[in-house]
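Have a look at the structure below, then the notes.
Read-outs: derived from the displayed coordinates by stated rules, not from any lab. Quick caveat, the model's predicted, so the values are computed rather than measured. We place every Cβ from the backbone using ideal geometry, glycine too, and count neighbours over all the protein chains shown.
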Amino acid sequence: MYREFRDPAMVKRLLSRIEAVLEPPVTLMEVCGTHTVAVFRYGLRRLLPEGLELLSGPGCPVCVTPDFIIDAALEIARQPGVVLATFGDMLRVPGSDQSLEELKAGGAQVKVIYSPLEALALAEEYPQRQVVFFAVGFETTVPMIAATVLKAKEKGLTNFSLLCAHKTIPGALRSLLSSPDVNIDGLLCPGHVSAVIGTRPYEFIPREFGIGAVVTGFEPVDLLQGIYLLLQQHREKAPRVENQYRRWVPAAGNPEALKLIRAVFAPCGSHWRGLGYLEGTGLELKEEYQAFDALRRFQVFPTVKPARKGCRCGDVLRGAMAPPDCPLFATTCSPERPVGPCMVSVEGTCRAYYTYGR
């Protein structure tokens, strides 16, 4: 299926086209963590011509979740009779004093799951326990979580709830591009998120910031085509939104998925690691589903705290620093002993640099 998107001859032709249209220096950002990993895995950075810099952005939901949300998950998981269900990437992310993995090692009921429906099944299996799903993710995962909430309400489950840490990408991009220490000439926008929201939510980027945005897939040919399109826009001084990933991303997104999101969730402000508090970039349960809000159910009130001393994940997520420039990188901080989430997540920039880039 993917053979044509990994064709060496096509890659070579695209690299020639990129070199032909490049007017250096140019700095592009791949927003998505999956893009970052793919760029490293396929060795694309080493193939690109001099004068073209690729930065990594805030497109890893695990990485942008701040410490105090991890602390809230820990506080809930410590309560008697609670089973905390979480995606595996969140297990080793450090909170202020420990991680969920360490809490689990101490006897807490922390379960790794691969779908929110598994959390629902746990609630049905253990009616005497309170099952809390740590709901982290961008627009990609929210529709399934919304469907899970609807199913929980339909079943009348009173022992199921969510710790909501959802975030939405477009507002974060506006904040990022407004930052005075970030200078970007174009954005490779995330394919997975865009399959849900479409391409229209990015139209503010060329209009307000005068740079191009290309929704891009995850294979080598996808990424190089996306880069080529951005460089072509840059050369022509004609920024616009383009869709390289047309085989999966319609302009209007996925109407059914968007309908599910709107049915269960409402926009709210959200704290992002590295970007701070951003209005309208989070999702909270609507009033009619507040019974499934774990913070309300357990009366947990997270307190915003400063980032851990020495951890530079926030700067990495804004593209203001490359991981090797952090004094902790590959010394104090490694995948075995992570100081920050960018070294934990398989989509984290520091993890990608550590695994493929050294």
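Which of the lysines could a cross-linker span from Lys237 if the Cα-Cα distance has to be under 26 Å and same-chain partners fewer than 8 positions apart are dropped?
Lys237 reaches Lys12.
If you take every DSSP beta bridge fully contained in the chain, what fraction is antiparallel? Give it as a percent rounded to 5.
20 percent
When N counts the residues of the chain, how does its alpha-carbon radius of gyration compare numerically with 2.2 N^0.38 Å, as a ratio?
Normalised by 2.2 N^0.38 Å, the Cα Rg of the chain equals 1.00.
Based on C-alpha coordinates, I'd like the Rg and Dmax of the stretch 257-358, in Å.
Rg then Dmax for the stretch 257-358, in Å: 17.3, 50.
Are there any trypsin sites (Lys or Arg not before Pro) in the stretch 211-267 that are in a DSSP loop and have at most 16 other Cβ atoms within 10 Å? List them by number.
Sparse-neighbourhood loop trypsin sites (Lys or Arg not before Pro): Lys237, Arg240, Arg246, Arg247.
Please state the shape class of the stretch 1-62: rounded when a/c is under 1.5, otherwise prolate if a/b exceeds b/c and oblate if not, all from the C-alpha gyration tensor.
In terms of gyration-tensor shape, oblate.
For the stretch 103-150, just say rounded, prolate or oblate: build the C-alpha gyration tensor, square-root its eigenvalues into a ≥ b ≥ c, call rounded for a/c under 1.5, and beyond that prolate if a/b exceeds b/c, oblate if not.
Oblate, since a/c reaches 1.5 and b/c is not below a/b.
Please compute the contact order of the stretch 207-358 in relative form: average sequence separation of alpha-carbon pairs under 8 Å and at least six residues apart, divided by the residue count, as a percent.
Once normalised by length, the contact order is 12 percent.
Among the lysines, select those whose C-alpha is under 19 Å from the C-alpha of Lys259, and discard any that sit fewer than 8 residues away in the same chain.
Correct list for Lys259: Lys151, Lys153, Lys167, Lys286.
Return the single residue from Ser16, Ser345, Ser99 with maximal mean-square fluctuation; model: Gaussian network over the chain, springs between Cα atoms under 10 Å.
The residue with the greatest mean-square fluctuation here is Ser16.
Scanning the chain for GluC sites (Glu not before Pro) in DSSP loops with at most 14 other Cβ atoms within 10 Å, what's the longest stretch left with none?
51-202
Please work out the C-alpha center-to-center distance from the stretch 195-240 to the stretch 249-322 and express it in whole Å.
24 Å
Once the convex hull of the alpha carbons of the stretch 199-293 is built, what does its volume come to per residue, in cubic angstrom?
Output value, Cα hull per residue: 144 Å³.
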